[in-house]
Structure formats: C-alpha cells, structure tokens
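Please treat every number below as a calculation from the coordinates, not as lab data. Since the model is a prediction, treat every value here as computed from it, not as a measurement. Ideal geometry is used to build each Cβ from the backbone, glycine not excepted, and the neighbour counts take in all protein chains shown.
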Amino acid sequence: MTILLFALSFFLTDSEFLVTVNSEFLGQWKYEVEAPDMTYSGIMELSESDEGLTGKLVSQGTEIPMDEVVIEGNDLSFKMVVMGYQCSVTGTFESDKLKGVVSVEGMELPLVAIRK
C-alpha cells in the first residue's frame with residue numbers, strides 16, 4: 001500500500017509540473033509568417049482548458065482554431081487548416097520569442113512570434 005501511495009504521489013507531482021511548464025507559454029503572441037507573396041501577421045493565443053492545450057490565430061477579424069496543440073519543454077507543435085490547406089506548425093520558445101516553421105503543401109515558411 002505504501003508503494004502505491006508513493007507512486008500515486010509521484011504521478012500527481014509530475015502532472016502538476018507539466019501544467020506549470022506548459023502555462024509559462026500561455027497567453028497572446030504577436031506572430032509573422034513570411035510567405036513568398038507577402039508577410040502574414042496577427043495574434044496567436046495559447047490557452048488551457050479541461051481538454052488540454054488549445055489555441056487560435058486571429059488575423060484581420062478571422063479566427064483559425066489550432067488542433068493537436070502540444071508543448072513539450074520549450075517546443076510547440078500544432079495543426080490548423082488555412083483556406084482549405086492543412087498546415088503543421090513547429091517551433092521553439094526562447095524566453096519571450098517563438099521561432100518556428102509553418103509547413104504547407106511542401107513549403108516551409110518561417111514563423112516568428114513575440115509575447116504580447
């Protein structure tokens with residue numbers, strides 16, 4: 001019984017640690033994506049709900065929901081659909097900056113976001 005309680009307390013402590021690590025990157029980030037035709041910009045919002053991490057991109061009055069949002073350590077990944085195209089986003093947080101890549105249709109577009 002003691003071993004079971006010890007294992008359970010370790011699991012609960014570890015879960016609390018994961019929430020703490022994830023929460024430091026939650027909030028609003030001003031982003032820019034460099035595409036061949038123009039620079040796209042807006043606000044990226046990362047939040048946490050009962051279902052886990054969620055988020056959306058807001059640009060020119062349009063909201064694009066994020067799917068499969070994952071933060072592991074300093075690394076962020078998520079998927080989204082933009083104008084019918086499936087996009088995958090990966091990046092790494094460095095203090096108040098996120099540097100990453102948006103992968104879509106075989107192209108890799110640089111992404112930079114600054115904490116707002």
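The single residue among E63, E105 that is among the acidic types (D, E) and within 15 Å of Y31 (Cβ to Cβ) turns out to be E63. Condition first: within 9 Å of the chain's Cα centre (by Cα) and polar (S, T, N, Q). Now tell me which residues in segment 67-92 satisfy that. Across segment 67-92, the qualifying residues are S77, T90.
Tell me yes or no: at least one residue of segment 48-69 is hydroxyl-bearing (S, T, Y) and touching a Ser or Thr at 6+ places or on another chain (Cβ under 6 Å). Yes: one or more hits.
To keep it simple, each residue is scored yes or no on (1) surrounded by 13 or more Cβ atoms within 10 Å (Cβ to Cβ); (2) of a type in the set (V, I, T).
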residue	(1), (2)
G52	no, no
I64	yes, yes
E72	no, no
T90	yes, yes
L98	yes, no
V104	yes, yes
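Filter segment 23-41 down to the residues that are closer than 23 Å to G106 by Cα and not β-branched (V, I, T) and list them by number. Within segment 23-41, Y31, E32, E34, A35, P36, D37, M38, Y40, S41 meet the criteria.
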